[in-house]
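The structure appears right after this line, and notes come after that.
The values are calculated or read from the model by the stated rules, or taken from the named source; none is laboratory data. Everything numeric in this text was worked out from a predicted model, so none of it was measured. Quick reminder, even Gly has a Cβ in these numbers, built from the backbone with ideal geometry, and neighbours come from all protein chains shown. When the accessible area is computed, the model is the full protein with side chains, heavy atoms only, and any ligands, DNA or RNA have been set aside. Shrake-Rupley method; radii C 1.70, N 1.55, O 1.52, S 1.80 Å.
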Amino acid sequence: MANQWVKVNPDGAVDPLPMPYSLVNEVVEDIVEAVGEEIQEIESKKRSSDYENALPKAYPYSYVQVPGRITCAYVEPRGTARLAIGTSDGEAILVDTRLRQEVAQAHAFPEGEAVTCICICSEAAYQEVPVGPGIEPPPAASPAVKLFVTGQSTPKIFAYDIERQHYGLGLKPSCAIHVSKPEVSEELAERPIIEQLHTRGVVGGIWVVALLCDRSVRAYLCPLGQPPARDDEGTAVLDKPIVEGDEEEEEEAEGGAGGPGEEFADAMQLHTPVYTWSLAQLAPMPSLPMPELDTITLSVFLPRPVGGAYGRGFSSGQVPTLCFSSSLESNAMLAHSLPAPAPVVAPAGLEINALLMEAAPVQGKLQEPAATTKLQPRRRWTLPAKTSAVAVSPNGGIYAVGGSQGSIALMNTASGPSLRTMLPGHYGAVSALVFHRADILLSVGSDCWVHYYDMKTDTLLSRHLSSPPPTPSPALGIAASQSMGLGVSLDTDGSLRLLNMKLGCKIAKLSCVDDRPKTAENEEEETVITPNPDETPKLLLSTASGFCILAMADLDQTSASLMHPAEDEDRDELHAEEGEGAPQISRQAGSQEQGRSWLVFFEQGSMLKQLFPTLAEKAGEKGSIGKLFSALTQEELAKLQPQAVPSTMEKAMKLAEKMPPPNPAAVRAAQLEAAAKAAETPTRRGRRNMPDTPNTLIAKLTSENLRKFAQAQQAEKVAQGLAKAGSSFGSGAFKSATQTVDDKKEEVITPHGVPKNWQVSVKTQLKKGLAAKENRQMRIAKRMDQLAKEVGG
């Protein structure tokens, strides 16, 4: 029985690898496992929406180039088609955002004086004039929309009427508000006299609130002017048509004018403010100084319900106008209330006959107050942190305050200034706040997160990163459309992203430069001048049809090119040798690029058609793609958006669906059947593949058997006279050292799973192991310490 050997499974019979091979095997397994986890993490990032791998890109609809740098801009909160901008050349420009072109402009100040503040007001209404019984009241008229501008050094506020002329829109001087210069220090003397300007229309006039350079606030009540003349049918009559001789009279009038601003000589003049107040209480404590002028923010608004004004008649004008003051350097906030203008009443003390002889009051005219009233704050709040951002809902019913530590507070204004609730905020300072109608509040913070809040339940709807990780850029500004659930965010890198306000997610990237490659379809189109790469977005504005981005070069870059005139002269001398005139042309072109700005328009319908062609086909030419987009759910939006790169697991699953994996039992049976046939088939030398002797042994892969195998093969070669010095080991049978040799039989051991060149791979692995001996020893020591702790614990 000593010669009988038991057959065993080769996989189960193999002994564990000796040291250090077992340790190398563990290290390799750890490396493979770590690589697998890294691959899985990378694939999950590809599928994540935060990394924006599948985020499409939308391009501008049109561009408008503005001469000079834009110093201020204004759009109405309810999202109209009017956009007003002021330039460094002293021009006030009115832009139609639907037509995307300039429709009117006025040169209110000298060329060297920049426009510092600009506002549009279209919410005012005339007061109802009481009439006697049986007398029909005059037809209701709407006052003209007014444009207010201020300059760098001119102590006046100019008001223009935006009127429709035969040739289009025009700006007609309406009123000039004279602002007395405050007494300030030399440091503040170089600043503009009027730092901030806010307007709000009420019944009977327009409140004009100005923040001066001495940190005081003045409120003027601007008259509306007489209603436009109307014909018998009630249609407004335009200016008289142009006839021969008018052009000469206009030229003479322009020649006699003294310059910009003199056109207001015949307009209404206003000198006395109705109210004035100080912002000294903005200091966190009475003993602390007032905040700096650049950190103060005023918010002037009028609480209105969704349907319009409160009631009719005299009751509609009783809603006060609110002015909230805050600062980046203080946690205090002030609320001032401006009472509505008094209704038109008859003079007191007149008899009935004298009262009947009185003429009806003229609409649009106001009596200038005899003295100015000092106004005290109605409320003062002390918030948990300094104020970093504020926003007012379009109807004026909610006032949101963002803190420097991430807190967000909601104030009720319709029922009186009061604290409504505190929302779950950010991990950093709140950078910007904006309302979408009165339903959703959108906030961005320095923690690089964008939050969506529901104003009906005061809860957080969703949140996402403003830019891709691992080092996202925080958002600086944000704008929300009032006609559709879309928003745009701007981060510190100048990147723009289109947001879905309803679902709370990013849907596209926006680019101010159309960098799409030219195709055969658009090669014939005219080349459109676009902003340069250094002309980056600076301000986001929401319009009636989409969004407007103000882009211009940084002021540091523009001033740096103007600080080296000597270099330009040397360059001109070099170019003069080559040809005259070339340096002048290049300098003129360079100055135009340095002193220009851009209005980049993104039209909502055009963007949605670019991003969702399937939705555009469903809407058709006359259909509204906005309604279809607003009705989308999260699942429907995910199907319309381009899909990300599929992961390796998804690819394997798809391949498995096409080619199902074989049955393991069937594969094993086929392998056994093939091995049996191969054992019965003789080879070319007349021997079978498998020995049929009962003394056959499948050797175990151990160092002792390998040594025996080498000795047996060397002895066989010596016996045959074929042995050579330094010959490599081959494959063959060798005799077992523990076997008793019989005269006719000998025990044969067949090596299992040992390749012919096994020593080459072993030597290669040993060389690699010796190359990193120190690192391996450190890992072994750490592993041993870990095992000792686990066993000892």
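Please report, ordered by residue number, the strands (runs of 3 or more DSSP E) entirely within segment 382-485 with at least 1 residues that are over 16 Å from the mean Cα position of the chain (by Cα).
Here the list reads 387-392, 398-403, 408-412, 418-423, 440-445, 449-454, 459-465.
Kindly provide the set of residues from segment 187-217 that are of a type in the set (A, V, I, L, M), open to solvent by 20 Å² or more (accessible area, probe 1.4 Å) and under 25 Å from PRO143 (Cα atoms), ordered by number.
Residue satisfying the conditions is VAL203 alone.
Here is a list of conditions, (1) over 27 Å from TYR126 (Cα atoms); (2) of a type in the set (S, T, N, Q); (3) surrounded by fewer than 16 Cβ atoms within 10 Å (Cβ to Cβ), and SER415 meets all of them except one; can you say which number that is?
Status for SER415: all satisfied but (1).
Can you find a residue in segment 134-141 that is on the phi > 0 side of the Ramachandran plot, at pLDDT below 85 and not hydrophobic (A, V, I, L, M, F, W, C)?
Taking segment 134-141 first, the residues on the phi > 0 side of the Ramachandran plot are 134.
Imposing the further condition that a residue be at pLDDT below 85 reduces the set to 134.
Among the residues that remain, those that are also not hydrophobic (A, V, I, L, M, F, W, C) are: 134.
Checked segment 134-141: at least one residue is on the phi > 0 side of the Ramachandran plot, at pLDDT below 85 and not hydrophobic (A, V, I, L, M, F, W, C).
List the residue pairs whose Cβ atoms are under 7 Å apart, where the first residue sits in segment 540-554 and is over 14 Å from TYR61 (Cα atoms) and without any contact (Cβ under 8 Å) to a residue 60 or more places away in the chain, the second is crowded, with 23+ Cβ neighbours inside 10 Å and not hydroxyl-bearing (Ser, Thr, Tyr), and the two are 6 or more positions apart or on different chains.
ALA551/TRP598; ALA551/VAL600
Take residues that are out of contact with any Asp or Glu (no Cβ under 9 Å at 6 or more places or on another chain) and at pLDDT 80 or above and tell me which of the helices (runs of 4 or more DSSP H) falling wholly in segment 569-668 contain 1 or more. Spell out how you get there, then give the answer.
Values: elements: 582-594, 604-611, 613-619, 625-630, 634-640, 648-658.
In segment 569-668, 604-611, 613-619, 625-630, 634-640 are the helices (runs of 4 or more DSSP H) which contain 1 or more residues that are out of contact with any Asp or Glu (no Cβ under 9 Å at 6 or more places or on another chain) and at pLDDT 80 or above.
LEU188 versus (1) within 26 Å of PRO227 (Cα to Cα); (2) among the hydrophobic types (A, V, I, L, M, F, W, C); (3) not in a strand (DSSP E or B): which is the lone unmet condition?
Of the numbered conditions (1) within 26 Å of PRO227 (Cα to Cα); (2) among the hydrophobic types (A, V, I, L, M, F, W, C); (3) not in a strand (DSSP E or B), the odd one out for LEU188 is (1).
Can you go through LYS502, LYS456 and tell me which one is open to solvent by 20 Å² or more (accessible area, probe 1.4 Å) and in contact (Cβ under 8 Å) with a residue 60 or more places away in the chain? Even if it seems obvious, please write down each step before you answer.
Numbers: LYS456 fails: in contact (Cβ under 8 Å) with a residue 60 or more places away in the chain.
Just one listed residue meets the conditions, LYS502.
Take the residues of segment 617-637 that are touching a residue at least 40 places away in the same chain (Cβ under 8 Å) and under 17 Å from GLU603 (Cα atoms): which is surrounded by the most Cβ atoms within 10 Å (Cβ to Cβ)?
In this case the residue turns out to be PHE629.
Would you mention how many residues in segment 468-488 are touching a Lys or Arg at 6+ places or on another chain (Cβ under 8 Å) and modelled with pLDDT under 95? Walk me through how you get there before you give the answer.
To start, the set of residues in segment 468-488 that are touching a Lys or Arg at 6+ places or on another chain (Cβ under 8 Å) comprises 482, 485, 488.
The next check asks that each one be modelled with pLDDT under 95; those that pass are 482, 485.
Total meeting the criteria: 2.
Is it the case that segment 121-133 has a residue that's at pLDDT below 75, over 19 Å from GLY79 (Cα atoms) and among the hydrophobic types (A, V, I, L, M, F, W, C)? Explain how you work it out, then say what you get.
Taking segment 121-133 and keeping what is at pLDDT below 75, we get 129-133.
Within this subset, residues satisfying the condition of being over 19 Å from GLY79 (Cα atoms) are 129-133.
If we keep only those that are among the hydrophobic types (A, V, I, L, M, F, W, C) too, we end up with 129, 131.
Yes, that holds for at least one residue.
Among the residues of segment 81-102 satisfying the criterion of being open to solvent by less than 30 Å² (accessible area, probe 1.4 Å) and more than 18 Å from ILE549 (Cβ to Cβ), which is modelled with the lowest pLDDT?
The initial filter retains those residues of segment 81-102 that are open to solvent by less than 30 Å² (accessible area, probe 1.4 Å), namely 81, 83-87, 90, 92-95, 97.
Within this subset, residues satisfying the condition of being more than 18 Å from ILE549 (Cβ to Cβ) are 90, 92, 94.
Details: GLY90: 90, ALA92: 94, LEU94: 95.
The selected residue is GLY90.
Of all residues in segment 322-364, count the ones that are within 21 Å of GLN127 (Cβ to Cβ), charged (D, E, K, R) and surrounded by 12 or more Cβ atoms within 10 Å (Cβ to Cβ).
The number of residues fulfilling the criteria is 0.
How many residues are hydrophobic (A, V, I, L, M, F, W, C) and open to solvent by 10 Å² or more (accessible area, probe 1.4 Å) if we restrict to segment 433-453? Show your work before the answer.
Taking segment 433-453 as the starting set, the residues that turn out to be hydrophobic (A, V, I, L, M, F, W, C) are 433-435, 438, 440-442, 444, 448-450.
Next, only the ones that are open to solvent by 10 Å² or more (accessible area, probe 1.4 Å) stay: 433-434, 438, 440, 448-449.
Total satisfying the criteria: 6.
Quick check on my filter: what residues within segment 751-793 are in contact with a Gly (Cβ under 7 Å, 6 or more places away or on another chain), modelled with pLDDT of 70 or more and open to solvent by 80 Å² or more (accessible area, probe 1.4 Å)?
First, pick out the residues of segment 751-793 that are in contact with a Gly (Cβ under 7 Å, 6 or more places away or on another chain): 756, 776.
Next, only the ones that are modelled with pLDDT of 70 or more stay: 776.
Within segment 751-793, none qualify.
Residues checked against (1) hydroxyl-bearing (Ser, Thr, Tyr); (2) at pLDDT 95 or above; (3) surrounded by 22 or more Cβ atoms within 10 Å (Cβ to Cβ); (4) out of contact with any Leu (no Cβ under 9 Å at 6 or more places or on another chain):
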site	(1), (2), (3), (4)
GLN152	no, no, no, yes
PRO155	no, no, no, yes
CYS222	no, no, yes, no
THR235	yes, no, no, yes
GLY245	no, no, no, yes
GLU254	no, no, no, yes
GLY261	no, no, no, yes
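If the Cβ limit is 8 Å and pairs must be 6+ apart or interchain, which residue in segment 159-171 that is touching a residue at least 24 places away in the same chain (Cβ under 8 Å) pairs with which residue that is polar (S, T, N, Q)?
Partner pairs satisfying both residue conditions: ALA159/SER174; TYR160/SER174; ASP161/SER174; LEU171/GLN105.
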